[in-house]
Amino acid sequence: MVGQRENLINPCPSLTIENYVPKNNFYRRLKSILELNFVYEAVKPFYGKCGQKSIDPVVFFKLLLVGHFENICSDRALIVSSQLRLDILYFLDFKLGERLPCHSTISRTRKRLPVVLFEKLFEKVLNACIDAGMVGGQSQAIDGAFVEANASLDKLESKLVLQWKLLPGEVLADDPSTNASQAIAFSLVEKTAKPRKPDRSNTLYQSNTDPQARLAQKAGKPFRLYYLSSMAVDTYHHIITHIQADYADERDSVHLLAIVDKIATHFKQHNLLLKNILADGGFGSGLNYALLESCGYTAYIPLQGSYHPVREGFSYDARKDVYLCRQGKELSNQGIRLEKGFANATYLAKQGECTACPLKKVCCQNRGRKKLVVTAYHNHYQRMQQRLESRKGKYMKWRRMATVEPVFGSLLNNFGMWRANARGKQSAHKMMLMAAVAYNLQKLLRGLTHPKAKSQIMHLQQVNILYFLFFFVVPQPRRF
């Protein structure tokens, strides 16, 4: 059943924690604006009406917030550290000498409560930031980063490569008790004359402790088990508007449309209009460009490296929708086909036109006529390229770098999001939501007490790097 703490009578009223916590203390000021009584009604469907009382849910969520404020990823270390801090005990409404809950209670409660409850808390804090005027809503900077999973590479196991399934009612002759299936381990099948050690990949291996974690590697990141954190930040005062956990082996572009849809749906409830989408090249794809443009959003997403805007020796006639070769022959559109998950348009020359062409060997190679395969979103790519090369596009690129990357750096280095404190994708998602709640609460508290300091304050080194990139690396338009 749901437990709720009772206010114990202090035998010595003069020894109250409130008298020893300064008025300008962070947790004292946070307690005055944080209201979590709605949690009691929200958690009732997940507990019974009888039995032993659970941990106070308000205390549970406050302890999670303290862990992110103090950059602590371990539940055991969180309890030990909080028991020695008067300001944290005051924030939790605990008395002197009163023991905090066991660290295992926090782990079990985190597993019991669903993700919806954590998302509700995140939305409540985000709504408070919107009511305080700290969310503009027009421009959202979206990015992704790896969060280390709570698993080690030493616990990797090879997946089963052979598995025979028996027919219904069939059993094995050597083992009559077996009625499911028989599998051969990867190490047994691999014993050959010249065994080849396979590369460590997600197709061959998985973690025994956290099967949902994925092997991944980025520039500047070691090869480990990770989760992908996809986050959106408002460019007005750098408030986190969305965060979620995804598999590390998935592309960033797969999740862009879902993130934009959730942000726009939430903003409509507060009469905020989403206009600009800022993201890096990992979120770029022709499908994303087309759908964002059809929904009325202006996207500033760099093109992928595989796209070639110009075909050497061919010119495109948009009025006829044909390509012209060096000899003036037309390659007509044969329709759109889906190849390897990409929508491509095929352009073919007429039959026999390339037979007597002097450039046939170079142009057609072994084919009888020239064939061009162009992405079906060629026009969207071209418009995006023109938008990025404009002066506003270069400014939006600088604005994205100055918005979302410092926020990710703060979460990973200062808010305990560098490593997951539990196993599983859902647990990683809960941890990311609580880290975002802690970050937004700190921004909200700073904005309410110091209105002139609402915006994100970057380190001097970050400011110098952005200044150098914008004025010396990015080409500036000529002025006459």
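Across segment 153-165, not a single residue is classified as outside any strand (DSSP E or B) and hydroxyl-bearing (Ser, Thr, Tyr). Return the only residue of 265, 346 being assigned to a helix (DSSP H, G or I) and over 20 Å from residue 400 (Cβ atoms). The unique qualifying residue is 265. Within segment 239-298, can you find the residues that are hydroxyl-bearing (Ser, Thr, Tyr) and either over 18 Å from residue 139 (Cβ atoms) or open to solvent by less than 40 Å² (accessible area, probe 1.4 Å) (or both)? Within segment 239-298, 241, 247, 253, 285, 289, 294 meet the criteria. Do you know which residues across segment 366-381 are farther than 11 Å from residue 302 by Cα and part of a helix (DSSP H, G or I)? Across segment 366-381, the qualifying residues are 378, 379, 380.
Beta carbons closer than 8 Å, at least 6 apart along the sequence or on distinct chains, pair a first residue in segment 118-147 that is closer than 12 Å to residue 238 by Cα with a second that is charged (D, E, K, R) and part of a loop (DSSP other than H, G, I, E, B) for 134/454; 139/275. Report whether or not residue 390 is surrounded by fewer than 18 Cβ atoms within 10 Å (Cβ to Cβ) and either among the small types (Gly, Ala, Ser) or at pLDDT 90 or above (or both). Taking the combined requirement at face value, the residue satisfies it.
When each of 434, 401, 417, 396 is tested for being buried (at least 18 other Cβ atoms within 10 Å of the Cβ), in contact (Cβ under 8 Å) with a residue 40 or more places away in the chain and not in a helix (DSSP H, G or I), the lone residue that passes is 417. Residues that are closer than 19 Å to residue 98 by Cα, among the small types (Gly, Ala, Ser) and modelled with pLDDT under 80 within segment 1-59 comprise 3, 14, listed in sequence order. Applying the set (1) under 13 Å from the mean Cα position of the chain (by Cα); (2) within 19 Å of residue 213 (Cβ to Cβ) to residue 423 leaves exactly one unmet item: (1).
The values are calculated or read from the model by the stated rules, or taken from the named source; none is laboratory data. Keep in mind it's a predicted model, so treat the numbers as computed, not measured. Positions of Cβ are backbone-derived with ideal geometry, glycine not excepted, and every protein chain shown enters the neighbour counts. The area values use the complete protein model at the heavy-atom level, side chains included, leaving out ligands, DNA and RNA. Shrake-Rupley method; radii C 1.70, N 1.55, O 1.52, S 1.80 Å.
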